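A.B. asks: The following block contains the structure, expressed as structure tokens.
Taken together, the values in this text are just the output of simple stated rules run on the coordinates, not laboratory data. Computed from a predicted model, the values in this text were never measured in an experiment. Glycine also receives a Cβ, built like all others from the backbone with ideal geometry; neighbour counts cover every protein chain displayed.
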Amino acid sequence: MKDFITLIRRFIPPYKKQVALNILFNILSAFLNVFSFTLLVPILQILFKVDQGVYEYIPMDTSSISSILDFGVLKNNAYWYITTLVNNSSAGLALMILGLVFVLMTAIKTFTAYMSGYYIVDVRTGVVRDIRKQLNDKILSLPLGFFSNEQKGDIIARMTGDVGEVENSVMSSLDMITKNPIMIIIYLGSMLVISWQLTIFVFILLPLAGYIMGKVGKSLKRKSVEAQNLWGRLISQIEETLGGLRIIKAFNAEKKISDRFDNSSNIFRRMTNKIARRQQLAHPMSELLGTLTIVFVLWYGGSLIFSENSSIDASQFIAYLAIFYLIINPAKDLTKSAYAIQKGMASVERIDKILKAENPIKDPVTPKPLIFDKEISYRNIWFKYGEPWVIKDVNITIPKGKTIALVGQSGSGKSTMADLLPRFYDVDKGGIYIDDTNIRDVSIHDLRSLMGNVNQEAILFNDTFFNNIAFGVENATMEQVVEAAKVANAHDFIITSDKGYDTNIGDRGGRLSGGQRQRISIARAILKNPQILILDEATSALDTESEKLVQDALEKLMKNRTTLVIAHRLSTIKNADEIYVMHEGKVVECGHHNELFELNGYYRKLCDMQQF
């Protein structure tokens, strides 16, 4: 419950007004409920001749609130009115009037109950929306390194399944948590007024029942965490299957993938069964404990009535039992909500793994202005993802307006070098400087505003051509987008599509060929018009015809721009101003293409391997 209170303190403050109104209407509803059932006492005492007392009307001092709220005076005058009504007319008429009062009280009570639910709905949906927004914003702010250690499917499961579990379990129990304790307190207070001895007896019984229920529910949270982790792995498998469907079919591996999913699904089902069966235990156990409690109350209450100098008569005891019965449902609901909260808090733990993740890449407290007039320089940089070192004491200078290429075998550190420049990762030792300003000393937004990226895999969104090209550029006009598309050799195939620039390109640009996707990616970089361009193997996955069109677009993009090229095909970088050859995280050679080729070293070996 401590974790639940912490959660409430985190997310409820924006909805204080709605919570206050919910509590107010819950209090009114509970008082009206008690008042309705107290009408049983005069009905039983007077209509059935249990009470033979004679009552006189006592005038109330309307100028004094204490006089108006005097319970003894109110009770006396109510009894006087009912006695007079019975004596002057009939018991039947008195019964009808009391019945109409009871109906009126119930109508007002149900209205207040509705209003309490009306305001709590706003709180429930608002908190769930806030959690989703915080998750989404956190994912956008976390560095790429966080996601290399997490399964994409598991993160999706946390944003969908876990947030859904919080909504269904924790937030749906919020109404019970705000309503049921209030009702129980007011009902117990009314019972104290009727008979304090009997109520003390109940005070001893109810905590015992609650303790037993609590013991059963303790292990539920542990099981729920395991189940949610299994669900995350299951979603990851689905995501992998969708992404690798072509390979699965090509290798006739459908049965293997099916068996793997079936196995995980069965494990998840068994775990879910255990949790569901424990939850199912809540209702029958509370039913049994409630019945036992009523039996004990009947026994003790009966012994009080039959004893001499009893403080309670039979009609009061029946009214007492009626109010006590009102406690049973709130107590059951409170038990159910405790179970649901235990289950939901397991999902909160998984959500918090993202929300509370530390972001090591932060803006400086007082960012320096970023001016790019001379060069970019990597100075004695070292970097590792875990172990071992990926980049080892590398020094590279990229003069403004020049094209620098990085080449080497897979795993030599080329792409890592490109990722370090926009601070997707931070170097462990050394520093990267623009002119003489360390990139750690400037704001991340200013740094990345200087740069445009074209990657090996064109990352596009399920949106129109226009919105994909204009991505990241505010208030881009159609004329600007068309001009960027023309420079990128993309305009011709765009205007032949169904709706031109308003055509949706599908999930990740699935309706386009590889070359078309890459040219849209280049058009996006052209429209941004960055001072620094990063090309990460932008043509390595293309056929010859597509490569020619893309290469032509890239040359237009690179013109008069500072460019860092990561190259797999050496033929694409022979005109670079400087080529750095990397091997196992180190720069082993540098120079122009012809110079390196004549050296007959590692670069020549790479060229010969590609039959350049």
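A.B. asks: Based only on other Cβ atoms within 10 Å, what is the fewest-to-most ordering of Val295, Val121, Val487?
C.D. replies: Val295, Val121, Val487
A.B. asks: Kindly state, to the nearest 0.05, the FRET efficiency for Asp393 paired with Ile459, given R0 = 35 Å and r defined as their beta-carbon distance.
C.D. replies: 0.65
A.B. asks: Now for a different question. Going down the list Lys368/Lys429; Lys133/Lys414; Lys400/Lys574; Lys400/Lys528, which pairs span over 25 Å between their C-alpha atoms?
C.D. replies: Lys133/Lys414
A.B. asks: Quick check on the exposure proxy: order Val170, Val581, Val365 from fewest to most C-beta atoms within 10 angstrom.
C.D. replies: Val365, Val581, Val170
A.B. asks: HN-Hα J couplings of segment 182-194 from phi, Karplus 6.51/-1.76/1.60, θ = phi - 60°, integer Hz, Gly and Pro as x?
C.D. replies: 4, 4, 4, 5, 5, 5, 5, x, 5, 5, 4, 5, 6
A.B. asks: Going by amide H atoms built from the backbone, whose H comes under 5 Å of the H on Glu589, apart from near neighbours?
C.D. replies: Counting only residues 5 or more places away or on other chains, the set is Val581.
A.B. asks: Pulled fully out, how much extra length does the chain show between Trp299 and Ser443, if you take 0.36 nm times their separation in residues and subtract their Cα-Cα distance?
C.D. replies: Extending this stretch completely gives an extra 44.4 nm.
A.B. asks: Extending each Cα 7 Å along its Cβ direction at Lys16 and Thr110, get the distance between those two points in nm, one decimal.
C.D. replies: Each label point lies 7 Å from its Cα, and together they span 3.6 nm.
A.B. asks: Which value in nm describes the separation of the simple spin-label points at Ile371 and Tyr385, placed 7 Å from the Cα toward the beta carbon?
C.D. replies: 3.9 nm
A.B. asks: Contour minus end-to-end for Lys574 and Glu349, with contour as 0.36 nm per residue of separation and end-to-end as the Cα-Cα distance?
C.D. replies: 75.7 nm
A.B. asks: Per 0.36 nm of contour for each residue apart, how much would the distance between Thr477 and Asp608 grow if the chain were fully extended, relative to their Cα-Cα spacing?
C.D. replies: In short, 42.4 nm is gained.
A.B. asks: Under 12 Å from a label point 7 Å along Cα→Cβ of Asp137: give me every residue in segment 362-389 with its amide N that close.
C.D. replies: No residue passes the distance filter.
A.B. asks: Same structure again: Provide the net charge surrounding Leu460, with neighbours chosen by a C-beta distance below 12 Å and charges set as Lys +1, Arg +1, Asp -1, Glu -1.
C.D. replies: +2
A.B. asks: Can you give the FRET efficiency for Lys255 and Val588, using 1/(1 + (r/R0)^6), R0 = 56 Å, r = Cβ-Cβ distance, to the nearest 0.05?
C.D. replies: According to the calculation, E is roughly 0.75.
A.B. asks: Quick check: from the Cα gyration tensor, does segment 375-609 come out rounded (a/c under 1.5), prolate or oblate?
C.D. replies: Note, shape of segment 375-609 comes out prolate.
A.B. asks: Also: Can you compute the FRET efficiency between Thr241 and Asp502 using 1/(1 + (r/R0)^6), with r the Cβ-Cβ distance and R0 = 25 Å? Round to the nearest 0.05.
C.D. replies: 0.15
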